[in-house]
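All remarks here apply to the structure that follows.
The values are calculated or read from the model by the stated rules, or taken from the named source; none is laboratory data. Computed from a prediction, not measured in an experiment: that's the story for all the values here. FYI the Cβ positions are ideal-geometry reconstructions off the backbone, even for glycines, and counts take in every protein chain you see.
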């Protein structure tokens, strides 16, 4: 990997996962700077991450993963710094930069803060990575090599593998999306490593967006398409980004970039009701913004899902779906208005 790259992590009340992720990232070859944006955590995350950088606490490894080596402690000579979100931009990044956000900016806002910091330092590739992941040492190198093989590729995904079931695929790079129902399907979900998996061409032909747990984006992509949309706060940001990029850049897949994902760890501290509220609200908001012709169908499909959840006794889902549908006229108007 010859071009400059930086890794962006957005932490919110999840310092244990973040430290395990950072431990795996320290093993990358060649070394790459990591920007950890702490999204105004209430659990002392920034202090814990700083203490780990100083070598004062050990890496909380939850499970050994084959092919991933994680140091017990940060190295004594680790170069790191901690800054506020309003502090001056650093033109040269340390190995780990902790950025303390003054507010919880959501997934997109936190990543945008990190991207802006990295971009000011001259970075060409930005690897947006969930904090509840660990990575193989060559995972980033494989992504960059794939990106450099075709300049039409602006956003690329890894092979996402379940951390707790490290032979099972969560997603091969990305997912397909049905704009009528608002439902996504992860490509390759449930397949196993070591078996015959779909090739790069097949995966990229099916891909409507890159799964946000591991997204490599190029500087040219950001210069052309812009930063992530912060209207969503949680969920649907990555597919919005991909749709905005159509006609400018293609989506790519690097099969040998292996990332092990705990799934949900980055947002599991969020109240279930809050997560579901954003999930169902943003499904309708995204469709209103980009596929207004299918909006009524998407509402009808969500109503059908509401009935299914009611039969199963999933009353939290029922409540949040009903709320999204009752607010749907306002969601539609906001979605359409945001495109003008």
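In summary, residue 3 fulfils each of the numbered conditions (1) farther than 20 Å from residue 139 by Cβ; (2) surrounded by fewer than 20 Cβ atoms within 10 Å (Cβ to Cβ); (3) more than 21 Å from the chain's Cα centre (by Cα) with the single exception of condition (1). The set of residues in the stretch 120-140 being surrounded by fewer than 23 Cβ atoms within 10 Å (Cβ to Cβ), more than 15 Å from residue 34 (Cβ to Cβ) and out of contact with any helix residue (DSSP H, G or I) (no Cβ under 6 Å at 6 or more places or on another chain) consists of 120, 122, 138.
So that you can scan it fast, the table gives a plain yes or no per residue for (1) within 23 Å of residue 218 (Cβ to Cβ); (2) within 22 Å of the chain's Cα centre (by Cα); (3) free of Cβ contacts under 8 Å to residues at least 60 places away in the same chain; (4) not assigned by TED's automatic domain parsing to the domain that holds residue 166:
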residue	(1), (2), (3), (4)
27	no, yes, no, no
68	no, yes, no, no
88	no, no, yes, no
97	yes, yes, no, no
126	yes, yes, no, no
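Scanning the stretch 255-279 for residues that are in a loop (DSSP other than H, G, I, E, B) and modelled with pLDDT of 95 or more returns a single hit, 262.
Scanning the stretch 91-103 for residues that are buried (at least 16 other Cβ atoms within 10 Å of the Cβ) and either at positive phi or assigned to a loop (DSSP other than H, G, I, E, B) (or both) returns 93, 94, 95, 101.
Among the criteria (1) under 20 Å from residue 257 (Cα atoms); (2) at pLDDT 95 or above; (3) surrounded by fewer than 14 Cβ atoms within 10 Å (Cβ to Cβ), the one residue 34 does not fulfil is (3). Pairs linking a residue in the stretch 182-211 that is more than 16 Å from residue 156 (Cβ to Cβ) to a residue that is part of a helix (DSSP H, G or I), with Cβ atoms under 6 Å and 6 or more positions apart or on different chains, are 182/283; 182/287; 182/298. Only one of the numbered conditions (1) surrounded by fewer than 17 Cβ atoms within 10 Å (Cβ to Cβ); (2) farther than 30 Å from residue 192 by Cβ is not met by residue 233, and that is (1).
Every residue, every condition in (1) at negative phi; (2) surrounded by fewer than 22 Cβ atoms within 10 Å (Cβ to Cβ); (3) in a loop (DSSP other than H, G, I, E, B), yes or no:
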| position | (1), (2), (3) |
| --- | --- |
| 42 | yes, yes, yes |
| 52 | yes, no, no |
| 57 | yes, yes, yes |
| 67 | no, yes, yes |
| 71 | yes, yes, yes |
| 81 | yes, yes, no |
| 86 | yes, yes, yes |
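List the number of the failed condition for residue 194; all other conditions in (1) modelled with pLDDT of 95 or more; (2) more than 21 Å from residue 123 (Cβ to Cβ) hold. It fails just one condition, (1). Across the stretch 106-134, the qualifying residues are those that are assigned to a loop (DSSP other than H, G, I, E, B) and touching a strand residue (DSSP E or B) at 6+ places or on another chain (Cβ under 8 Å), and the one among them that is nearest to residue 257 (Cα to Cα) is 130.
Checking every residue in the stretch 237-254 against the condition of being at pLDDT 95 or above, surrounded by 24 or more Cβ atoms within 10 Å (Cβ to Cβ), farther than 24 Å from residue 178 by Cα and touching a helix residue (DSSP H, G or I) at 6+ places or on another chain (Cβ under 6 Å) gives zero matches.
Residues that are assigned to a helix (DSSP H, G or I) and under 27 Å from the mean Cα position of the chain (by Cα) within the stretch 281-293 comprise 281, 282, 283, 284, 285, 286, 287, 288, 289, 290, 292, listed in sequence order.
Exactly one residue out of 303, 325, 316, 296 is surrounded by 16 or more Cβ atoms within 10 Å (Cβ to Cβ) and in a helix (DSSP H, G or I): that is 325. Selection of the stretch 193-208 for residues being outside any helix (DSSP H, G or I), in contact with a strand residue (DSSP E or B) (Cβ under 6 Å, 6 or more places away or on another chain) and under 17 Å from residue 257 (Cα atoms) yields only 207.
Of the residues contained in the stretch 188-197, one or more are found to be surrounded by fewer than 21 Cβ atoms within 10 Å (Cβ to Cβ), closer than 28 Å to residue 287 by Cα and outside the structural domain of residue 299 (by TED's automatic domain parsing).
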